[in-house]
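See below for the structure under consideration.
Just so it is clear, none of the values below were taken in a lab; they were calculated from the coordinates. From a predicted model like this one, the values you see are computed outputs, not experimental measurements. Cβ sites come from the backbone with ideal geometry, for glycine too, and all protein chains shown count toward neighbours.
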Amino acid sequence: MPCLELSTNARIQDKSALMRALSDCVCLGLGKAETYMMVILKDELPMLFGGSEEPVAHLTLRALGLKDEAIALLAGDLTTLVQEKLGIESQRVYIVFMDADQGKWAWDGRTFA
C-alpha cells in the first residue's frame, strides 16, 4: 500500500539501488511487508527552491494508517538517505506524508475499504 515518490533535479546514477534503499527504509519505518510497496523516481527535473537551482528533492509518501511516530522517524531517515545517496543537503529536502482514505485507494480492482 505505501507509495513513495521522489522528484529531484539531480541525476540519479543507480536508480535500482536507490529504489531498493527507499523501499527498505519505508517498509522498516512503517512495519510493512515489501509486497505492496511502490517507489517512483523522477530525476533531472527542472526545480527551484529558495531561488536556487542547486540540488533539491521533494518526496511524497502515501500510505494507509500513517502514525505520527512513524512519520517522525521516516522524516529523519528519508532525509538522511537522500542526503547520503544523492548529496542533497537536508535543508533542501521536502517530504509530504499523506494518510490515504481506504475507500479512495484501490489495488487489484478493488478498494481497501
request  = Check K67 against each of (1) basic (K, R); (2) out of contact with any Asp or Glu (no Cβ under 8 Å at 6 or more places or on another chain); (3) in contact (Cβ under 8 Å) with a residue 12 or more places away in the chain and name the one condition it does not meet.
outcome  = (3)
note = The correct count of residues that are among the aliphatic types (A, V, I, L, M), closer than 26 Å to A106 by Cα and in contact (Cβ under 8 Å) with a residue 40 or more places away in the chain in segment 29-59 is 2
task = Find the strands (runs of 3 or more DSSP E) located wholly in the chain whose residues include 2 or more that are surrounded by 11 or more Cβ atoms within 10 Å (Cβ to Cβ), among the aliphatic types (A, V, I, L, M) and in contact with a Phe, Trp or Tyr (Cβ under 8 Å, 6 or more places away or on another chain), and list them.
result = 57-64
request  = Could you please find all residues in segment 7-27 being within 13 Å of the chain's Cα centre (by Cα) and of a type outside the set (S, T, N, Q)?
outcome  = L18, M19, R20, A21, L22, D24, C25, V26, C27
